[in-house]
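**Q** I'd like to ask you about the structure that follows.
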Amino acid sequence: IITLSDLECDYINARSCCSKLNKWVVPEVIGHAIVTVLMLISLHWFIFLLNLPVATWNVYRYIMVPSGNMGVFDPTEIHNRGQLKSHMKEAMIKLGFHLLCFFMYLYRLVSKL
């Protein structure tokens, strides 16, 4: 969110912003996929079903990158067609989702003790 807002305010250029963001796309996809599979294996159905759409969205977003682009975040297209606003909205939604998951995992941890 901070990197995207810096780009929006022209504190950094599009190329450095996209390179910073693109290096975290693959670890995010892998990490979320691992958490989702672990919830399935441990039979936490509600948390698995909550994580499944987000993991699917992450994989879809990674797979659907056009062949000429730098990655999910492309410096030549980030200012076109309102992509910066959509990336910012997606980052805010993911922040809310991860905060919700954090408190759910914390509650599950404390309730098991």
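**Q** Along the charge dipole of the chain, Cβ charges K/R +1 and D/E -1, which of Trp24, Ile2, Leu43 sits furthest on the positive end?
**A** Leu43
**Q** Enter the Cα centre distance for the pair region 1-19 and region 37-61, rounded to the nearest angstrom.
**A** Centre-to-centre distance over Cα atoms comes out at 30 Å.
**Q** With a 1.4 Å probe and every protein chain left in place, work out the accessible area per residue of region 1-79 in Å², rounded to a whole number.
**A** I get 63 Å² per residue for this part.
**Q** Next up: Just how large is the dipole of region 57-113 about the Cα centre, in debye to the nearest 20, putting +1 at every Lys and Arg Cβ and -1 at every Asp and Glu Cβ?
**A** The calculation lands at about 280 debye.
**Q** Quick one: 3J(HN,Hα) in Hz for region 51-65, Karplus 6.51/-1.76/1.60 with θ = phi - 60°, rounded, Gly and Pro as x.
**A** For region 51-65, the Karplus-derived couplings read 7, 4, x, 5, 5, 5, 4, 4, 5, 4, 4, 6, 6, 7, 5 Hz, x marking Gly and Pro.
**Q** Further question: For the chain, what is the relative contact order in percent, using Cα pairs closer than 8 Å and at least 6 residues apart in sequence?
**A** Relative contact order comes out at 32 percent.
**Q** Would you work out the charge dipole size for the chain about its Cα centre, treating the Cβ of every Lys and Arg as +1 and the Cβ of every Asp and Glu as -1, and quote it to the nearest 20 debye?
**A** 300
**Q** Still on this model: For the chain, rounded, prolate or oblate, judged on the Cα gyration tensor with a ≥ b ≥ c (square roots of eigenvalues), a/c < 1.5 rounded, else prolate if a/b > b/c?
**A** Prolate shape, in that a/c is at least 1.5 and a/b is the bigger ratio.
The values are calculated or read from the model by the stated rules, or taken from the named source; none is laboratory data. Predicted model only: the values in this text are computed from it and were never measured. Using ideal geometry, Cβ is built from the backbone for each residue, glycine included, and neighbour counts are taken over all protein chains shown. Ligands, DNA and RNA are excluded from the accessible area calculation, which covers all protein heavy atoms including side chains. Shrake-Rupley method; radii C 1.70, N 1.55, O 1.52, S 1.80 Å.
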